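Visitor: Take this structure first; my questions come after.
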Amino acid sequence: MKPVHMALGILCIALVGGAGLWGAFCWQRGSDSRWFWGALRAGQAAVVVEAGLGGILLLMGKKESSLHLLYGLLPLAVSFVAEQLRVASAQMVLDARGLESAAAVGELPEADQRGVVLSILQRELGVMVIAALVMFVLLLRAAATGG
């Protein structure tokens with residue numbers, strides 16, 4: 001069971017790290033990427049499975065350092081908080097432009113609608129890129145403190 005936990009941990013690091021680096025590149029260019037979102041979601045799912053597998057190992061009597069547990073669980077919290085910030089980022093863009101809701105965006109000229117949508121996408125991408133990079137560092141630390 002431990003080799004599976006280690007292999008899945010490496011997969012988590014690769015998915016989240018790859019998504020974070022690619023997302024940072026896309027954010028800097030001002031473009032969106034389906035690959036980023038797919039890799040990020042796969043990485044988030046892998047982290048959930050990895051944490052569950054780690055919990056099973058603990059229940060089976062495998063002892064780990066407190067740091068390993070902390071670094072292994074913090075990516076879940078970072079991901080959860082980032083998703084909340086991502087959702088709120090759309091409203092922040094609307095508020096900054098004096099728009100009450102998404103329906104108000106539909107009343108704007110098409111070019112302005114496109115500008116609002118691009119601003120929202122860029123902000124969401126930025127939030128999730130930062131989250132992915134933080135998760136990547138935490139997962140690396142979890143790997144380094146594992147036994």
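We did not get these values from a lab; they are worked out from the coordinates using the rules stated. Here the structure is a predicted model, which is why all the values come from computation and not from measurement. Cβ: placed from backbone, ideal geometry, glycine included. Neighbour counts: every protein chain shown.
Visitor: Just to check I understand the Karplus step: with θ = phi - 60° and J = 6.51 cos²θ - 1.76 cosθ + 1.60, what whole-Hz values come out for segment 115-123, glycine and proline as x?
Guide: x, 5, 4, 5, 5, 5, 4, 5, 5
Visitor: Now for a separate question. Can you work out D for the chain in µm² s⁻¹ from Stokes-Einstein, where Rh is the Kirkwood radius over C-alpha pairs, the temperature is 4 °C and the viscosity is 1.567 mPa s?
Guide: 78 µm²/s
Visitor: Here is a further query. Using the Karplus equation 6.51 cos²θ - 1.76 cosθ + 1.60 (θ = phi - 60°), what ³J(HN,Hα) coupling, rounded to whole Hz, does each residue of segment 102-107 give in order, writing x for Gly and Pro?
Guide: Per-residue couplings from phi come out as 5, 4, 5, 5, x, 8 Hz.
Visitor: Apply the Karplus parameterisation 6.51 cos²θ - 1.76 cosθ + 1.60, with θ equal to phi minus 60°, to every residue of segment 131-141 and state each ³J(HN,Hα) to the nearest whole Hz, in sequence, with x for glycine and proline.
Guide: 4, 4, 5, 5, 4, 4, 5, 4, 5, 4, 5
Visitor: Compute the separation of the alpha-carbon centres of segment 109-126 and segment 57-89 and state it in Å as a whole number.
Guide: 31 Å
Visitor: May I pose another question? Considering Cα pairs under 8 angstrom that are at least six residues apart, work out the relative contact order of the chain and quote it in whole percent.
Guide: So the answer I get is 40 percent.
Visitor: Something else now. What's the local net charge at MET128, with K and R +1, D and E -1, over the other residues with C-beta under 14 Å away?
Guide: +1
Visitor: I've got another one for you. Before rounding to the nearest 500, sum -39500 (n - 2.57) across all DSSP H runs of length at least 4 in the chain and divide by the residue total; then give [θ] at 222 nm in deg cm²/dmol.
Guide: -30500 deg cm²/dmol
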